[in-house]
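The values are calculated or read from the model by the stated rules, or taken from the named source; none is laboratory data. Fair warning: this is a prediction, and the values are worked out from it, not measured in the lab. Please note: Cβ atoms are built from the backbone with ideal geometry, for glycine as well, and neighbour counts cover all protein chains shown. When the accessible area is computed, the model is the full protein with side chains, heavy atoms only, and any ligands, DNA or RNA have been set aside. Shrake-Rupley method; radii C 1.70, N 1.55, O 1.52, S 1.80 Å.
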Amino acid sequence: MAEKACKNCNRIVEDATECPVCKNNDLSDSWSGLVVIYDPEDSQIAEKIGINTPGKYAIRVK
Ligand SMILES: [Zn+2]
């Protein structure tokens, strides 16, 4: 299974050609770190990387 990361919002995208969150199709194979956000409103990490939708996100996307 190919996991890529959205260059716009860092969302991990599995087997898709566009990001389900922001509809961006600029996905990267080159990412590192993985964080799962369950409750964006109660997560400092989510706030730090600008996430407001629950899901899996990369910490860094090149
Ligand atoms: Zn995105």
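Side notes on the structure shown:
- Among the residues of region 14-62, those that are part of a loop (DSSP other than H, G, I, E, B) and among the charged types (D, E, K, R) comprise Asp15, Glu18, Lys23, Asp26, Asp29, Asp39, Lys62.
- The residue list Ser30, Ser43 contains one member that is among the polar types (S, T, N, Q) and modelled with pLDDT of 95 or more, which is Ser30.
- Near pairs, Cβ below 8 angstrom, 6+ apart or cross-chain, from region 4-20 (more than 10 Å from the ligand (Cβ to nearest atom)) to any residue that is open to solvent by 50 Å² or more (accessible area, probe 1.4 Å) and not in a strand (DSSP E or B): Lys4/Asp29; Glu14/Met1; Glu14/Ala2; Asp15/Met1; Asp15/Ala2; Thr17/Asn25
- Residue within region 47-62 that is in contact with a Leu (Cβ under 8 Å, 6 or more places away or on another chain), away from the ligand (no atom under 13 Å from the Cβ) and on the phi < 0 side of the Ramachandran plot present: yes
- One residue from Lys7, Lys56, Lys23 being in contact with a strand residue (DSSP E or B) (Cβ under 6 Å, 6 or more places away or on another chain) and open to solvent by 70 Å² or more (accessible area, probe 1.4 Å): Lys7
- Restricting Val35, Val13 to those that are surrounded by fewer than 19 Cβ atoms within 10 Å (Cβ to Cβ) and among the β-branched types (Val, Ile, Thr) reduces the list to Val35.
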